[in-house]
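Visitor: Please read through the structure below; I'll follow up with questions.
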Amino acid sequence: MKTEEKAPPPPAGPRVRIAVLGKVNVGKSALTVRFLTRRFIGEYRSNTDLLYRQTVTVNSCPLEVEIVDVSGESRDRGLPLEAAQWADACVLVYSITDRASFEWALLALAHFRRLRPAGTPTALLANKADLEHLRAVAEAEGRQAALQAGCAFCEVSVAENSAALYAAFEALVSECCSAASPSAPSLAPHAHSHPVALKPARKFSVTKMIGTLIGGGGAGSPPKAAAGAGGGGVGGGGTVVECHKADLHRSRVLQRRQNFSATASL
Ligand SMILES: Nc1nc2c(ncn2[C@@H]2O[C@H](COP(=O)(O)OP(=O)(O)OP(=O)(O)O)[C@@H](O)[C@H]2O)c(=O)[nH]1
């Protein structure tokens, strides 16, 4: 992978930023990659945060989506504040087979609600619904918790390609769009792109492999358009880079000043 400090062409449309958070091993990376590529990446290990960028189509409008997938390994202690503050929307993931991951998600959800303005689009996703025989969290518990927190909820199986996971992401993106006003900075059209000083990637395999998938120019066919509830779809030309918390903070600050956009090419 090559990490450049050269700015790519500025994106044409608005941008939505989503933080995918959860305890270790709940399927955050698998979920993110599934949404962006329609593929299931079963076995890889990454102990670094990854930032994905992809153009999606929601309600016939192209929209740039940035997703930060925060590695659970370093985050077991609590909500990753940088990602929570950076995001326009948040997906909290737990595994139905792991009660501790549910409890973590509830604490993080409560913290996120206190930290961010009321109405910030949020979803609680219960993953690994295919592992019914290992279930440790009842669906009703998740639903009830989400109801109390006033956020969306669904059980999904990333492995089995649940349609609900696309619908959940697309609903969040749509919510961000409807909440956007001309003064909402992160959804404003990008006037300029600016590079961020990203550290060179050490984990060649993960970023390169996923980059090939979402970039649409590598092995395999380009990702197919989604047939989700909101008529959403995913285009090619995506990027993925290792992401450090300072980058998220810096991107928020710079974005306010100059419609900042962090990226790197693969
Ligand atoms: N059975 C089943 N396994 C899943 C599902 N989603 C993810 N997995 C598996 O769960 C494991 C963890 O998935 P990851 O996507 O790496 O989880 P993560 O939350 O990103 O993990 P960290 O980055 O370490 O925090 C992998 O072995 C996946 O194949 C699912 O829906 N069903």
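We did not get these values from a lab; they are worked out from the coordinates using the rules stated. Quick caveat, the model's predicted, so the values are computed rather than measured. In this analysis, Cβ positions are derived from the backbone assuming ideal geometry, glycine residues included, and neighbour counts consider all displayed protein chains.
Visitor: Give a quick list of trypsin sites (Lys or Arg not before Pro) in the range 51-107 that DSSP marks as loop, anything other than H, G, I, E or B, with at most 15 other Cβ atoms within 10 Å.
Guide: ARG77
Visitor: Which of the GluC sites (Glu not before Pro) found in the range 39-137 are loop residues per DSSP with 10 or fewer other Cβ atoms within 10 Å of their Cβ?
Guide: When the GluC sites (Glu not before Pro) of the range 39-137 are filtered for loop state and at most 10 Cβ neighbours within 10 Å, GLU43 remain.
Visitor: Separate question: Subtract the Cα-Cα distance of GLU132 and ARG99 from 0.36 nm times their separation in residues, and report this length gain in nm to one decimal.
Guide: 10.5 nm
Visitor: Specify whether the C-alpha gyration tensor of the range 35-158 places it in the rounded, prolate or oblate class, a ≥ b ≥ c being the square roots of the eigenvalues: rounded for a/c under 1.5, otherwise prolate if a/b is larger than b/c and oblate if not.
Guide: Taking the square roots of the gyration eigenvalues as a ≥ b ≥ c, the range 35-158 is rounded.
Visitor: What relative contact order, as a whole-number percentage, does the range 15-74 give when Cα pairs under 8 Å and 6 or more residues apart are counted?
Guide: Once divided by the residue count of the range 15-74, the mean separation gives 48 percent.
Visitor: Students often get this wrong: which residues of the range 150-176 have the backbone nitrogen under 11 Å from the point 7 angstrom along Cα-to-C-beta of PHE40?
Guide: Output list for this probe position: 157-162.
Visitor: At a Förster distance of 45 Å, what's the computed FRET efficiency of GLU139 paired with SER60, Cβ-Cβ distance as r, to 0.05?
Guide: Between GLU139 and SER60 the formula returns 0.85.
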